[in-house]
Structures are given as structure tokens and as C-alpha cells.
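Single-structure report; data block below.
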Amino acid sequence: MSALTSPTDPASQASPVPKAGDPLSPQPWEPAVASGWGAAWMLARREWTRFFRQRNRVTAAVLQPLLFWLLFGTGLSGSFVAPDGQDFLQFFLPGTIALIVLFTAIFATISVIEDRREGFMQAVLVAPVGRWPVLVGKVVGGSAIAWVQAVFFLSLVLVTQTVPLSWSLLPLLALMAALAVAMCGLGMIVAWPMDSTQGFHAIMMLGLMPMWLLSGTFFPVPAVADQPLGWGQTLLRWIMQANPLTYTVSEMRSLLYPPAVADSAVLLTGSVVNWSVTFVFMLVTFLLAGWLMRGSRKVDWVA
Amino acid sequence: MTNPVSQTQQMITTNAPAISVEGVFHRYGQHEALRGIDLQIPTGQIFALLGPNGSGKTTLFRLICTLMPLQCGSIRVAGASVAQRLAVRQRIGIVFQAPSLDKKLTVDENIACQAALYGLSGAELRSRRDEVLGMLNLIDRRHELCERLSGGLKRRVELAKGLLHRPQVLLLDEPSTGLDPTARLDLWVALRQMVADGITVVLTTHLFEEADKADTLAIMDCGQVVSVGTPASLRLELGEGLIMLQTEQPEEAALSLQSHFDLQVQQVGQQLRIQTPQPVQWVSRIADHLGDSLHSITVGRPGLEDVFVAKTGNPFCN
């Protein structure tokens with residue numbers, strides 16, 4: 001490996017290996033300066049590459065929500081009447097988009113646990129870049145995959161003319177991106193302290209799926225205006241109002257369908273509140289994930 | 001058989017230690033994993049931390065590579081304190097016992113990942129990647145997915161990752177794990193080449209034949225450094241010969257041999273061990289003395305396992 005210290009090698013000149021006899025000489029050793037952004041970008045690209053190299057993941061990611069949408073939408077269409085006259089295929093569409101984003105974000109962030117178990121993360125954690133690039137890389141990579149999948153699904157829906165093509169789809173794309181980042185942040189909060197995927201699945205079934213179900217995806221938020229609510233429906237309304245995902249789904253609904261169709265009974269609040277809640281949710285999950293990731297813990301090293 | 005320290009290595013060995021460990025204690029809850037470690041690892045050598053599982057060598061390794069925070073004491077690596085994590089990380093290359101490769105990526109892509117983590121890009125990355133892959137004979141495998149590589153090749157890719165950013169110290173945790181004998185030999189050829197290029201190599205191992213190849217080794221047991229020296233000097237401390245006995249009642253036999261022959265007898269489990277410069281001449285006398293209670297008697301030159309047993313009084317059990 002004499003080339004390592006060859007004076008003709010420009011790379012060697014940039015950060016020379018200590019010469020024989022003075023490896024710790026008074027002349028300071030100048031390493032390459034590691035950039036956190038470069039590391040984050042690499043980790044994001046890695047997520048992308050890994051996703052497309054696992055064909056079953058790509059197939060499942062595309063087919064599962066499509067099946068959900070068609071089966072639930074068709075099966076429940078006879079027994080569901082939306083307040084605004086929509087059929088269930090139309091009503092369930094924003095929920096299906098949220099489901100795609102949620103599932104993909106979950107699978108992207110669950111890979112943190114696999115990265116730990118397989119040793120890859122251990123090597124990343126001892127690199128001279130700190131931990132924030134891990135968070136940024138996972139969130140950017142995972143949310144990009146989730147967003148592209150949701151966009152792909154939306155294109156299929158447009159082809160079937162379930163929703164009209166309109167300019168409001170552009171802000172919808174931005175909303176989907178914000179949701180994807182929020183979900184990946186949430187996934188990192190759950191995945192980072194875990195040492196097994198089983199634990200993640202338990203949290204997913206106990207927390208993330210109910211969060212999705214209680215966000216106005218499957219049924220509308222019980223409306224006060226219709227009739228006095230029983231205690232059960234009142235409790236349900238409170239929970240759904242406390243769920244940040246409800247506001248994102250509500251905004252998706254208003255962006256997907258023209259105002260005449262999207263009745264105010266289905267929508268919870270106005271756009272300003274919906275967008276604000278979505279962005280605050282995104283920021284809070286991202287920052288909380290970053291806070292949780294600081295410091296070393298037992299799961300950092302592979303036994 | 002000890003590898004003599006080559007002329008080149010002697011030239012690049014200086015008084016300044018590559019790693020300096022002073023008064024290090026470490027606890028996992030109630031369990032005390034390290035109980036006062038003081039160690040100076042010389043520059044420009046292959047240094048082995050030898051010990052059975054649970055001896056504390058992997059804990060020390062994790063502290064040196066800044067994976068765990070230091071609880072007590074001080075560690076300096078290539079002049080930087082481990083409290084300055086990023087400075088230390090820039091100076092060291094690490095090859096963990098657990099593989100760190102992404103199996104879904106190619107060799108080149110794995111190297112590129114490592115490069116991004118250490119701030120290498122563009123022409124510098126390409127140049128360094130070619131160098132390390134060339135040095136480790138991986139050029140023709142660079143476009144293969146890592147999941148298709150053999151264990152030996154994967155280990156070489158791990159080494160390539162560890163060397164990419166020109167570390168001053170290369171740390172390897174149980175580097176021979178999962179390697180066949182040929183791959184182990186290849187690994188040691190590569191390690192020697194690195195030392196010749198001025199890199200200090202520090203490895204942990206529980207294999208005596210591996211520790212025997214190091215220039216210097218530290219024997220660890222129960223969270224302490226029991227002894228430090230070259231393999232030859234450590235063996236020499238035990239003298240030229242060693243007699244090992246298996247008897248029916250080792251306690252009684254030990255007392256009897258001590259009183260009759262004035263020999264220093266060490267009991268390790270059911271085995272009795274006697275260090276002596278002339279072991280052969282004692283065999284018949286001991287056999288006659290113990291009679292039928294003697295099951296077996298073995299004579300040999302002390303190896304590193306004997307050094308471990310002599311220093312700790314415990315058998316070397318993994």
C-alpha cells in the first residue's frame with residue numbers, strides 16, 4: 001500500500017498518512033472533514049437503492065393499498081352513506097393515500113432495527129458525523145419513497161377518474177410530502193429505542209393503526225350539528241380531534257374533491273388549521289426523534 | 001511461533017503510544033466489566049487484547065472506539081481524548097466483530113457509504129477506493145452485491161472500509177470470526193501490510209494462535225490486564241518446560257509433590273501444572289511417586305494458554 005503515502009498522489013497530499021518515525025509528530029494530522037449533509041444524503045440514497053432492490057417490497061407497496069382501496073371501497077359501498085353523498089370508494093381515497101404513506105414510512109424506519117441487528121448502524125454511529133445525519137437520511141429517504149408511492153397511486157386513481165384532475169392536486173403533493181416526513185419521524189421515534197422488529201409491530205398495531213383508523217379515513221368525525229351525541233361518540237370525536245392525522249386527512253379530502261362535493265360535515269376544520277397542524281406535527285415528530293436519538297444506549301452496539 | 005518485529009516496524013515504533021488507557025473502570029448495572037485498566041499500546045505494531053469471553057476486551061474496544069461513553073479514567077487515541085469523540089473517530093478505522101456491510105449494496109456502494117461518513121468524495125474517493133480495493137485484491141469483485149460474497153471476502157471489504165480514510169489506528173474486534181484458515185492467513189498478510197505502512201493495528205481475540213502472531217499482547221481476565229508483553233517474553237516467564245498431570249485426587253497429589261520434591265505445583269481444576277526448566281527428568285520420579293493414582297502426565301513447552309493459566313489461576317474458558 002505504498003501508494004497511500006506516495007507524494008505523487010493528490011489524495012495523499014490532501015491528508016497525508018503519518019510518515020514512518022513520526023506518526024504522532026508535532027505537525028498536525030489533517031483528516032478529511034466529514035460533512036453531516038453528505039452522510040445524510042448518502043444514507044437517504046441508500047434507502048432508495050435498497051427499496052428498489054427488494055422487488056417484493058416494491059410489489060407489496062403498490063398492490064396492497066390498491067387492494068385495500070378497491071376491496072373496502074367496493075365491499076362497503078352499499079352499507080355506507082357519506083354525509084355529502086360520496087360513495088365509499090371516494091370517501092376512502094384520502095385514507096388510502098394516508099395508509100400508503102404510513103405503511104411505507106413504517107417499513108422505511110423499521111429498517112433502523114435491521115440496520116442495528118446487521119451491524120451497519122454500529123459502523124455509522126462511530127463515524128465522525130454525529131447522529132443527526134442518520135435521522136435526516138432515514139427521514140428523507142423513507143419519505144421520498146412514501147411520497148413517490150402515494151403519487152403513483154394517485155396517478156392510477158386519476159386514470160380511473162375517481163377524482164377530477166385539478167390544480168388543487170399540486171398542494172396535495174406538498175401535503176403528502178409533509179405527511180411522509182411526519183410519519184417517518186414518528187417511525188423513528190418508535191424504532192430507535194427498539195432492539196427487535198416484534199416490538200415495533202406491537203407498537204404499530206397498538207398505536208399507529210388506531211391513529212390511522214381514527215383520523216376520518218374510515219368513517220367521518222361524529223358531527224355535533226346532526227344530533228346530540230352519545231358519550232361514546234363524544235369520546236370518539238374528542239380522540240379524533242386530538243389526532244393530528246385527522247387534520248391532514250381532512251385537508252386531503254378538501255384538496256381531492258371540489259368544495260361542493262366535500263361537505264363541511266365531512267371536513268373538521270378550515271385549511272389554515274389543517275396545514276398548521278400538519279406542519280407542527282411534522283416538526284414535533286422530527287425534533288422529538290432527534291432528541292431521542294442523542295446519547296448512546298445499549299441497542300447501539302451489536303452483541 | 002512469534003513473528004519477529006520487522007525492521008520497518010521497529011523504525012516506525014516510537015515512544016509515543018498510539019493508545020493510552022489509564023485507570024479505566026466500567027460497569028453494566030451491577031456488573032463490573034472493567035476493573036482498573038492501565039495500558040499503553042505502542043505505535044506501529046500489531047497489538048492484541050487476548051482474553052476469554054467476559055474478560056472485558058470488547059468493552060475496552062467499545063470505549064476506545066467511542067461507541068460507549070467513558071465512565072471512569074482516561075483514554076487517548078492518537079493524541080486525542082475519547083471525550084473528543086469526533087476527533088478520535090476521524091483518526092481510527094474500526095472493523096467490528098459483527099459485519100457492518102449492507103448486503104443489498106455492492107462492494108463499491110458500501111465503500112462509497114463509508115466514504116460519505118468520513119468526508120471523502122469525488123476524485124479523492126475514487127482514488128482511495130481503487131487503492132484499498134487493489135491492496136485487498138477486491139478490484140474484480142467491486143460490482144458484486146455483498147450478499148453474494150464469501151465470509152473471507154466480506155471481511156476484506158470490512159477492512160477496506162476501515163482503511164478508506166487513512167486511519168492512524170485500525171481497531172479490529174475478533175477479526176478472524178467466521179473465517180476459514182486460508183482467509184485468516186490472507187487477513188494477517190493484509191494486517192502486516194498495514195503495519196508496514198505506518199498504521200497501528202489493535203485487535204481483540206480469544207484465539208491463542210492469533211494472539212501469537214501479534215507483536216505485543218495484553219492478557220485480560222475478569223476486567224483486568226493480567227500481563228503485557230511480546231508472546232515470546234510472556235512464554236519465557238514460565239521457563240522452558242511445563243508438566244501437566246491428571247490424578248485421582250489432585251489436592252492430595254499437589255501437597256505430596258510439594259513436600260517431597262519442593263516443586264511449585266499449581267492446581268487448575270482437576271489438573272496439576274508444574275513449571276520447570278528440565279521437565280523430562282521429573283517425569284519418571286513423579287510417576288513413581290504418585291503410582292496408580294496418576295492418570296496421565298504430559299510434558300511440553302509453555303504456550304500462551306499456559307501463560308494465561310499461570311497468571312490467572314483459571315482455565316481459559318470461552
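The values are calculated or read from the model by the stated rules, or taken from the named source; none is laboratory data. Bear in mind that the values here come from a model prediction, so they are computed numbers and not experimental data. Counting neighbours? That spans all protein chains shown, and the Cβs are built from the backbone with ideal geometry, glycine included. Side chains included, ligands, DNA and RNA excluded: accessible areas come from the protein's heavy atoms. Shrake-Rupley method; radii C 1.70, N 1.55, O 1.52, S 1.80 Å.
For the protein assembly as shown, the dipole from Cβ point charges (+1 on Lys and Arg, -1 on Asp and Glu) about the Cα centre works out to 1440 debye, to the nearest 20. Using the Karplus relation 6.51 cos²θ - 1.76 cosθ + 1.60 with θ = phi - 60°, the per-residue 3J(HN,Hα) values for segment B:67-76 come to 6, 10, x, 6, 8, 7, x, 9, 9, 10 Hz, with x marking Gly and Pro. Note on segment B:239-312: Rg/Rh from Cα positions, Kirkwood definition for Rh, rounded to two decimals, is 0.92. Are there residues in segment B:123-146 whose accessible area shrinks by at least 30 Å² when all protein chains are included rather than the chain by itself, and which are they (probe 1.4 Å, ligands and nucleic acids not counted)? Residues meeting the cut-off: B:GLU124, B:GLU131. Using the Cβ of A:PRO128 as centre and a radius below 12 Å, the other residues enclosed give a net charge of +4, where K and R count +1 and D and E count -1. The largest accessible area among B:ASP288, B:ASP102 belongs to the first residue in B:ASP288, B:ASP102, and the rest follow in falling order (1.4 Å probe, all chains). DSSP assigns beta bridges within the protein assembly as shown; of those with both partners inside it, close to 70 percent run antiparallel. Rounded if a/c is under 1.5, else prolate if a/b beats b/c, else oblate: with a ≥ b ≥ c from the C-alpha gyration tensor eigenvalues square-rooted, which is segment A:153-209? Because a/c hits 1.5 or more and a/b exceeds b/c, segment A:153-209 counts as prolate. Given +1 at the Cβ of Lys and Arg, -1 at the Cβ of Asp and Glu and no other charges, the dipole of segment B:187-318 around its Cα centre is 280 debye to the nearest 20. Computed on chain B, with alpha-carbon pairs under 8 angstrom and 6+ residues apart, the relative contact order is 21 percent.
Counting 0.36 nm for each residue step from B:GLU22 to B:GLN224 and taking away their Cα separation leaves a gain of 71.5 nm.
Lys-Lys pairs in the protein assembly as shown that are eight or more residues apart or on separate chains and whose Cα atoms lie under 18 Å of each other come to 9. For segment B:11-149, the residue among B:LEU138, B:VAL82, B:THR106 whose Cα projects farthest onto the positive side of the dipole built from Cβ charges is B:VAL82.
When all protein chains stay in place and ligands, DNA and RNA are ignored, the 1.4 Å accessible-area order of A:TRP132, A:TRP192, largest first, is A:TRP132, A:TRP192. A probe of 1.4 angstrom, applied to the heavy atoms of all protein chains, finds A:TYR257 with accessible area near 10 square angstrom. For chain B, the dipole from Cβ point charges (+1 on Lys and Arg, -1 on Asp and Glu) about the Cα centre works out to 1380 debye, to the nearest 20. Estimated at the nearest 10 Å², the accessible area of A:THR234 is 40 Å² with a 1.4 Å probe. Put a dot 7 Å past the Cα of B:GLU251, heading toward its Cβ, do the same for B:ARG35, and the two dots end up 2.4 nm apart.
Accessible area of A:ILE203 (1.4 Å probe, protein heavy atoms only, ligands and nucleic acids ignored): about 70 Å². Electrostatic tally near B:SER81: other residues with Cβ closer than 13 Å to its Cβ, Lys and Arg +1, Asp and Glu -1, net +3. Extension gain for the segment B:SER284 to B:ARG301, taken as residue separation times 0.36 nm less the Cα-Cα distance, is 4.3 nm to one decimal.
Considering only Cα atoms, the convex hull volume of the protein assembly as shown works out to 202 Å³ per residue.
As a ratio to 2.2 N^0.38 Å, the alpha-carbon radius of gyration for segment B:4-229 is 0.99. Once both labels are positioned 7 Å from their Cα atoms along Cα-to-Cβ, the gap between B:LEU86 and B:ASP130 label points is 3.2 nm. Mean partner shielding of peptide B:166-178, defined as the number of other chain Cβ atoms within 10 Å of each residue Cβ, is 2.
Once the C-beta distance of A:LEU213 and A:LEU67 is scaled by a Förster radius of 22 Å, the resulting FRET efficiency is 0.80 to the nearest 0.05. The residues neighbouring A:LEU172, those whose beta-carbon lies less than 13 Å from its own, together hold a net charge of 0 under the Lys/Arg +1, Asp/Glu -1 convention.
Ranking A:PRO244, A:THR104, B:MET244 by Cα position along the charge dipole of the protein assembly as shown, where only Lys, Arg, Asp and Glu carry charges on their C-beta atoms, puts A:PRO244 farthest toward the positive end.
In terms of its C-alpha gyration tensor, segment B:36-89 has an oblate overall shape, because the principal axis ratio a/c (a ≥ b ≥ c, square roots of the eigenvalues) is not below 1.5 and a/b does not outweigh b/c. Sorted largest first by accessible area at a 1.4 angstrom probe radius, with every protein chain in place, the residues A:LEU283, B:LEU120 fall in the order A:LEU283, B:LEU120. Which FRET efficiency value, to the nearest 0.05, do you get for A:VAL148 and B:THR182 by plugging their Cβ-Cβ distance into 1/(1 + (r/R0)^6) with R0 = 56 Å? E(calc), rounded to 0.05, equals 0.80. Taking every DSSP helix (H) stretch of at least 4 residues in chain B, weighting each as -39,500 (n - 2.57) and dividing the sum by the residue count yields a mean residue ellipticity at 222 nm of -11000 deg cm²/dmol.
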